[in-house]
1. Filter the trypsin sites (Lys or Arg not before Pro) in the range A:1-71 to those in DSSP coil with at most 15 other Cβ atoms within 10 Å of their Cβ, and list the result.
2. Shielding by partners for B:18-25, please: the mean number of other protein chain Cβ atoms within 10 Å of each residue's Cβ.
3. List, largest first, the extents of the alpha carbons of the protein assembly as shown along their principal axes, each in whole Å.
4. Starting from the amide H of residue A:53, placed 1.01 Å from N in the peptide plane, find each other amide H under 5 Å away whose residue is 5 or more places distant or on another chain.
5. On the first, second and third principal axes, largest extent first, how far apart are the outermost C-alpha atoms of chain B in Å?
6. If each DSSP helix of 4+ residues adds -39,500 (n - 2.57) and the sum is divided by the residues in chain B, what number results at 222 nm, nearest 500 deg cm²/dmol?
7. Place a +1 charge on the Cβ of each Lys and Arg in chain B and a -1 charge on the Cβ of each Asp and Glu, then give the dipole magnitude about the Cα centre in debye, rounded to the nearest 20.
8. Using a Gaussian network for chain B with springs between C-alpha atoms less than 10 Å apart, which of these wobbles most: B:58, B:21, B:12?
Amino acid sequence: MADRLCMVVSEGTFDKAYMPLIMGTTAAASGTEVHVFYTFFGTGLMKKNTKPKLPGMYRLFTGMFQKKMAAAGVPKHDEMVKQAMDMGVNFYACSTTMKLMGVKESDLKPGVKVLGAAAFLKLASEANTTLFIG
Amino acid sequence: MQKDTTLDARGLMCPMPIVNLAKKVKEMKSGQVLELLADDVGAKEDVPAWCSRTGNALIGTEEEGKLLKFYVKLK
């Protein structure tokens, strides 16, 4: 079995945006192959210029969170995705969700690939760690 | 402890100490010793875990109050 981490992200809020990036960059820093699949409300996170907000009423505190994270060296979402890509993390947008939500391939951040469920499941079936961030 | 270089990760929180550590190690040579300074409590477990996963040797740790010092010898 490959030393591989596969994650599914189905929500697009601030917390769900950062969790896979923190896990993914850490895994990549340890030499693990990483694949992150964004589906349903997670798909929006793979669009250009994303500024995810905390869920519900906590959205009002997003700026405060962001400031604290910036002070602790954690980059903004877009930059962190770029950093993760540079470290070899693979990002995928779900092809079905893109159709449902009218997301075009040109809307996605450079480097994000479009993938279907079967292809992702094949990757996941050969992974030693799979996580669902939803 | 003898060291070849120091990486200051004080003030940074997870995952940045590990991300920066992995980057720094790429610039170094086999057998060299890196001193990592961190004050993120998570680093206490994260650095040994990273070393064990990457095959680098953690040859020493020191604690001075909140400051954590790790000595990593590159494989």
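The values are calculated or read from the model by the stated rules, or taken from the named source; none is laboratory data. Owing to the predicted nature of the structure, the values given are computational and were not obtained by experimental measurement. Cβ atoms come from the backbone with ideal geometry, glycine included; neighbour counts cover every protein chain shown. Just so you know, the surface numbers come from the protein's heavy atoms only, side chains and all, with ligands and any DNA or RNA stripped out. Shrake-Rupley method; radii C 1.70, N 1.55, O 1.52, S 1.80 Å.
1. Values: sites: A:4, A:16, A:47, A:48, A:53, A:59, A:67, A:68; in loops: A:48, A:53.
Here the sparse-neighbourhood loop sites are A:48.
2. Values: counts 7, 12, 2, 2, 7, 4, 0, 1.
The shielding value for this peptide is 4.
3. 59, 42, 24
4. Amide H neighbours of residue A:53, under 5 Å, 5+ apart: A:14.
5. Rounded to whole Å, the extents work out to 29, 24, 19 Å.
6. Details: 2 runs with 23 residues, N = 75.
Dividing the helical sum by the residues of chain B leaves -9500 deg cm²/dmol.
7. Working: 12 positive and 11 negative charges, 77 e Å.
That gives chain B a dipole magnitude of about 360 debye.
8. Maximum among the listed residues: B:12.
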